[in-house]
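The values are calculated or read from the model by the stated rules, or taken from the named source; none is laboratory data. Source: prediction; values computed, not measured. Heads up, the Cβs are rebuilt from the backbone with ideal geometry, glycines too, and the neighbour counts pull from every protein chain shown. All accessible areas refer to the heavy atoms of the entire protein, side chains included, with ligands and DNA or RNA removed. Shrake-Rupley method; radii C 1.70, N 1.55, O 1.52, S 1.80 Å.
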Amino acid sequence: MKKMFLGALALMFLTVISCKEATDKAKDAADNVEEVAEEATEKVEEAAEEVAEAVETAADGVPNFSDPDVQAYVNKYEEYMAAYKKAAESKDMTAFSALATQGQELGAAAQDIAGKLSGEDAEKWTAYMTAASEKMAAYAKAMTQQ
């Protein structure tokens with residue numbers, strides 16, 4: 001009877017110890033799930049912010065800059081490009097003459113603006129000016145074609 005009682009008691013201790021280990025493992029797993037969920041949420045929020053910024057830029061074609069002078073320059077450059085496009089489509093050489101002066105002024109102002117750019121704004125500026133140059137080249141090409 002003692003052997004049976006000791007065997008049952010040993011089995012009961014093993015069960016309690018096993019259950020405690022399983023409970024600890026379950027708690028660890030739950031903690032890991034929470035950490036992973038928090039990290040995933042942060043990454044989703046960051047991605048959503050990036051997408052929102054990209055949509056905003058794509059919607060109007062003009063990125064937003066933190067420096068108001070830079071933003072004013074970009075807005076003025078957009079107006080210049082619109083006038084350039086209109087002159088190219090109508091092949092109006094008189095309008096091109098007037099735009100040449102404005103283009104020189106914008107070129108000089110661009111040098112001043114470049115010194116005001118922060119790191120993030122510099123990346124936006126480079127991307128914007130590259131795209132704008134491509135548009136301007138396409139407008140000029142359209143004008144020379146018959």
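Here are a few things to note about the model shown:
- Applied to the stretch 70-87, the Karplus parametrisation 6.51 cos²θ - 1.76 cosθ + 1.60 on θ = phi - 60° returns per-residue 3J(HN,Hα) values of 5, 4, 5, 4, 4, 5, 5, 5, 4, 5, 4, 5, 5, 5, 4, 4, 4, 5 Hz, with x for Gly and Pro.
- Taking trypsin sites (Lys or Arg not before Pro) across the stretch 55-146, the ones in a DSSP loop with at most 16 further Cβ atoms lying within 10 angstrom of their Cβ are K91, K116.
- Sulfur and carbon atoms: percent of accessible area, the stretch 100-146 [1.4 Å]: 53
- Too-long pairs where the Cα-Cα distance tops 26 Å, listed order kept, from K86/K116; K116/K141; K76/K124: K86/K116; K116/K141
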